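Read through the structure below, which is laid out as structure tokens, and then see the notes.
The values are calculated or read from the model by the stated rules, or taken from the named source; none is laboratory data. Owing to the predicted nature of the structure, the values given are computational and were not obtained by experimental measurement. Every residue, glycine as well, gets a Cβ built from its backbone with ideal geometry; the counts of neighbours run over all protein chains shown.
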Amino acid sequence: MTTARIREFLETRRPEGPCLVVDLDVVRDNFSAYRRAMPDTAIFYAVKANPAPQVLKLLADMGSSFDCASVQEIEMALNAGATPTRVSYGNTIKKERDVARAFALGVRLFAVDDVNEVEKVARAAPGAKVFCRILCDGAGAEWPLSRKFGCEGDMAITVLERARDLGLTPWGISFHVGSQQTNPQAWDGALQEASRIFREMSKRGVELGLVNLGGGFPARYLKNVPAAEAYAGAIYDALRRHFGNRLPETIIEPGRGMVGAAGTIKAEVVLVSRKSDTDATRWVYLDIGKFSGLAETMEEAIRYPIRTARDSDAMEPCVLAGPTCDSADVLYEKTPYPLPISLTVGDEVLIEGTGAYTTTYSAVAFNGFPPLQTYII
Ligand SMILES: *Cc1c(COP(=O)(O)O)cnc(C)c1O
């Protein structure tokens, strides 16, 4: 949904070229909705979803903490007003010198999923708290993050014991159920495994305290998604089922769910063509593509709502592509996208739900096209 404020901004300012407009009121509402739905859970906004300083400042002022993946993201969160105790270095893949820099900035909470990583953290951030990420298959997610991060539960036990032996504080378990997770029950299996690790660690004399529930909370694209309360209900039920009365401290790390719906991209039709006189399929080329912010159309995973001024006209499925000279720069072809037959060169299109994972994916100058212009209102 494009908000009235975004429409008014586009109509009065008429910005030239493709651009993203983010409505901070939506971010504020989303943060409040998570806080209301999960009052006992700390919110660590995943900075990579949209690191615009105004977004970070708003969230810092509202009391958010921040999940950061690099020293640069940590500095952005601190510049926005977060204290280092409200920052987690959540990337399991860190250079030791970056761990040292984060530690010098005051960060004391680090993610690990391997003993080599634990050793780096122990040397560069002595005494810090660590949580171990466990694998999660990402079933039910439209953008799964499955194999790259996390380890099997038994290995997590080894990793956390090693952390204890090296003088770190083994603090808990994390996982990510996959981004744009449309099934609120998806947390159950990982919470069961987390509770097993808590018990095993307890037998070894280590009382863990934290379950980091990760991100995955969806934004609305073409289909409706369950509200924050549905996720909160399913997660709290699973926590009680697996942890009984000894509920751990919990945190969530929403990225997409916090900012996705807050943004709309304005783009322009550059060309409408066919490959031959008899070709049935029209190709519609926009002035924005995979390399200027729409990278999540990779394998057509994320399907954005697209609005035009001609949406009351007859529709026809089209191949939708970006403007660069790279043949990978096609947004939707396997499943063509229905667009008005009357759509023509120079028409404006609104690509909705683009507040998350767009500016950060935008190349600095592929073919000389500038990075995605952003207006935060
Ligand atoms: C990217 C990321 C998130 C945010 O995920 P969303 O699905 O956008 O909510 C949270 N935690 C970690 C560790 C991440 O890498």
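Structure notes:
- Residue in the stretch 165-182 that is over 17 Å from Gly153 (Cβ atoms), aliphatic (A, V, I, L, M) and buried (at least 18 other Cβ atoms within 10 Å of the Cβ) present: yes
- Strands (runs of 3 or more DSSP E) wholly inside the stretch 295-377 that include at least 1 residues being over 21 Å from the mean Cα position of the chain (by Cα) and within 26 Å of Ala139 (Cβ to Cβ): 330-340
- Scanning the stretch 331-359 for residues that are within 16 Å of the ligand (Cβ to nearest atom) and hydroxyl-bearing (Ser, Thr, Tyr) gives Thr354, Tyr357, Thr358, Thr359.
- Test: Leu350 is of a type in the set (A, V, I, L, M, F, W, C) and either within 18 Å of Phe291 (Cα to Cα) or at pLDDT below 95 (or both): yes
- Pairs where the first residue, in the stretch 199-212, is closer than 13 Å to Leu247 by Cα and the second is assigned to a helix (DSSP H, G or I), C-beta under 6 Å, 6+ apart: Leu208/Phe198; Leu208/Met201; Val211/Ala194
- Verdict on Asp326 being of a type in the set (Asp, Glu), more than 28 Å from Ser179 (Cα to Cα) and away from the ligand (no atom under 16 Å from the Cβ): no
- Of the residues making up the stretch 145-169, those that are among the basic types (Lys, Arg) and within 16 Å of the ligand (Cβ to nearest atom) are Arg147, Lys148.
- Selected residue (criterion: nearest to Ala77 (Cα to Cα)) from residues of the stretch 108-144 that are in contact with a Cys (Cβ under 8 Å, 6 or more places away or on another chain) and part of a loop (DSSP other than H, G, I, E, B): Asp113
- Residues being more than 15 Å from the ligand (Cβ to nearest atom), buried (at least 20 other Cβ atoms within 10 Å of the Cβ), aliphatic (A, V, I, L, M) and closer than 19 Å to Asp67 by Cα are represented in the stretch 124-144 by at least one member.
- Strands (runs of 3 or more DSSP E) within the stretch 170-279 that include 1 or more residues within 12 Å of the ligand (Cβ to nearest atom): 179-181, 210-212, 249-252
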